[in-house]
1. Considering (1) over 24 Å from Met376 (Cβ atoms); (2) of a type in the set (A, V, I, L, M); (3) in contact with a helix residue (DSSP H, G or I) (Cβ under 9 Å, 6 or more places away or on another chain), say which one Leu239 fails and leave the rest.
2. Checking the structure you have, find out if any residue of the stretch 311-322 is surrounded by 21 or more Cβ atoms within 10 Å (Cβ to Cβ), within 21 Å of Phe379 (Cβ to Cβ) and small (Gly, Ala, Ser).
3. Which pairs have Cβ atoms under 8 Å, sit 6 or more apart or on different chains, and link a residue in the stretch 329-350 that is on the phi < 0 side of the Ramachandran plot to one that is surrounded by fewer than 20 Cβ atoms within 10 Å (Cβ to Cβ) and acidic (Asp, Glu)?
4. State the number of residues belonging to the stretch 636-679 that are outside any loop (DSSP other than H, G, I, E, B), surrounded by 24 or more Cβ atoms within 10 Å (Cβ to Cβ) and of a type in the set (S, T, N, Q).
5. Please state which one of Gly555, Gly633 is surrounded by 22 or more Cβ atoms within 10 Å (Cβ to Cβ) and small (Gly, Ala, Ser).
6. On the given criteria, is Tyr705 crowded, with 24+ Cβ neighbours inside 10 Å and modelled with pLDDT of 95 or more?
7. Could you figure out which of (1) crowded, with 20+ Cβ neighbours inside 10 Å; (2) of a type in the set (D, E, K, R); (3) over 30 Å from Val667 (Cα atoms) isn't true of Arg355?
8. Given the condition assigned to a loop (DSSP other than H, G, I, E, B), in contact with a helix residue (DSSP H, G or I) (Cβ under 9 Å, 6 or more places away or on another chain) and under 27 Å from Gly64 (Cα atoms), answer yes or no: does some residue in the stretch 170-183 qualify?
Amino acid sequence: MAFSFRKYVIPLLVVTRFADMASAQTNNKYIDPFIGTGGHGHTYPGATVPFGMVQLSPDNGTQGWDWCSGYNYSDNRIAGFSHMHLSGTGCGDWCDISVLPNNGLIPDTAQDFRVGFSHNTERARPGLYSVMLDNGIRVMLTASEHCGLHTYLFPKGSKPVIRFNLAFCINYDSTTLSFIKKVDDSTVVGYRYSTGWANVQKVYFAARTSVPFEELRTNVAAHFVDANGKPGGVTNGQLVFKEVGEQPKMINMKVGLSSVSTMKALEALNEVQGWHFQEVANIAHNKWANEIDKIQVTSSSDRLKRIFYTGLYHTCMAPVLYADADGQYKNAKGDTRKMKQGQRYTVFSLWDTFRALNPLFTITQPERNIDILNSMLAFYDENGLLPVWDLSTWETGCMSGYHAVPVLADAVIKNTKGLDAKHVYEAMKKSAFQDIRGTQDYIKYGYLPQDKGSYSVTITLEYAYDDWCIAQVAKKLGYTDDYKLFMKRSEAYKLLFDKNSGFIRGKNSDGKWVEPFDAYMTSTEGKSMYEEGNAWQYTFFVPHDVRGLAKEFGGYEQFSQKLDSLFTVSSAVKGESAPPDVSGLIGQYAHGNEPSHHIAYMYSFIGQPWKTQQRVRFIIDSMYHDQPDGYAGNEDCGQMSAWEVWSMMGLYPANPASGEYVFGSPVFDEVKIQLPDNKKMVIKTVNNAKDHPYIQSVTLNGKPYSKTYITHAALMEGGTLEFVMSDKPNKEWGSKEKDWPASMN
């Protein structure tokens, strides 16, 4: 229906301009939520607050890998605006409580009802999203932690309807049971139970509208069948409003969420008082400003600022709140619980985030991080093991390793307050001796034989690193025998190193190499030795013992040559079922996937930091852009962005649990990191330029500094770290072994 919004859209434009003006006073103005929504980034553009339970964002209704967040910038239709999303993952799930405004009822049989839109009408800022739908309805969305606020402007002469599509699902997800009922003429409550990547998911909701609706029309979704092919108990609902007259009509709606009950969802509505969209959007804006302004960068390039601050924004999207405002939650087992202190979080993509995101939290989220860590321990208390990939408090079992271990070990080593180190150690040991996921064969043989389990090389290497982390906690707590045991286990990588081929590769239980072998081969099939990668990428996953690995190659120079080869060989990836995650290739270095993220920094462990500087700067320049397809691969709950945030500042936790940050190639003139107790770490870059990637010298608080890293303790003390840069490498700086980052051997 064509009509003019000129008169009636002014208040909504004022809201957008208000948010823009507020953003101008903070670094929020550099955030573009559309970065990462195209290509394989898998992010979403909608409205949320930092780490909030509600992520109110559009879904295209398209199935497929590049719609894991529900939305991809390549699409031009919207199926609804749902309230829960995953940011940057490789598995599609959630998109719970999908809502769509329409002119008139949507047929009960409409399984694939979608409305067109143009990106020209989309706007997104931190905490705010808006779009004009082709059905003539203007949509604006904002959110608090547990409540989403919708504003719809319906055109004149329309019959306003707001549809709750509780059968809506993407990819792995499927509704098992849903319900919606009328409480009064402006309130409904309900729930959606589903199964998918997480087998048990239960979301309760309450919705309240600013004007009464005439009726709630419900129907059992005719197109929905359960796992047995029978009609399921999935009920959808449509709120039907009085027909709009000669003037467009604005209808606001609040939707509260809870993991516990509809009564608690009703309480969540109280987070948004009244119907003042501008005020709620401004509160969300300020919450983002408080996060984003923790790091201030100085640069003449707005492009670099957009990349950096959008990355910092994405580091605050996960984990997400799972508990209600009072700390109460219902876990996947159906038990209603409450944390002793703090809040419960979920969405732990630990295979990804242990590498850089979780170490970043120890600096940017010193208080919230305690709740995140204790949420992992709560998962252990409830399930008997630490989480591997926790979604809705269900163990999805996705990916390899037991990578809650390095996250918790890092926290213990950094003396994080509010964490019970002995409880942590108990939980770590339980993972290390679990009787699932190939662990017992790994213990028996010293490595996981390929004939005992798939992805054997990946699992061996990741268990070995996790065991090194356990050893460091054992040492700190004085458990000498355990320290020796886990240090021995952490050398497992040596049993799989093949000196003839120069790669870490798979062995069977008889000690013989798996044949045939091709270093370029990768697969998603069970026979693969490597998960989401190949021998080129995984041969370098020994972050705790870089110099020990170098000795396996015959020495530091031979190892350096192997690293050089990684970046210069063919980028061909072999295998009929090669995973799309192996992306962002520079030679066989795959920046679009996490196993490669530490590799460019390994040169610094063998006295060649100038090569680290050159490689890191090239990766920054080539793999991050301020466009929808600005990421080289899945954003993965903040890890891809965390690499960028660290590396653009000039630092990186190459060994995530070492408490050391290796220097790379800073891109900003100045970085100010706000630390606890009103301290600041200032990172200054002299002679900074795009063609000056090389460090000539470093000073810390005005004194010459020869080390190629800084410790966490030194960084948290604050001060001034100054890099002098050049277009030519200084091969002497950082060349002495006393200045190298720590290595086990």
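1. (3)
2. yes
3. Final answer for the pair search is Asn331/Glu382; Lys333/Glu382; Asp335/Glu382; Arg337/Glu382; Lys338/Asp326.
4. Total satisfying the criteria: 3.
5. Values: Gly555 fails: surrounded by 22 or more Cβ atoms within 10 Å (Cβ to Cβ).
Only one candidate passes the filter, namely Gly633.
6. The answer is no for Tyr705.
7. (3)
8. Applying the first criterion (assigned to a loop (DSSP other than H, G, I, E, B)) to the stretch 170-183 yields 170-173.
Adding the requirement that they be in contact with a helix residue (DSSP H, G or I) (Cβ under 9 Å, 6 or more places away or on another chain) leaves 170-171.
From the residues that got through so far, the ones that are under 27 Å from Gly64 (Cα atoms) too are 170-171.
Yes: one or more hits.
The values are calculated or read from the model by the stated rules, or taken from the named source; none is laboratory data. Bear in mind that the values here come from a model prediction, so they are computed numbers and not experimental data. Cβ atoms come from the backbone with ideal geometry, glycine included; neighbour counts cover every protein chain shown.
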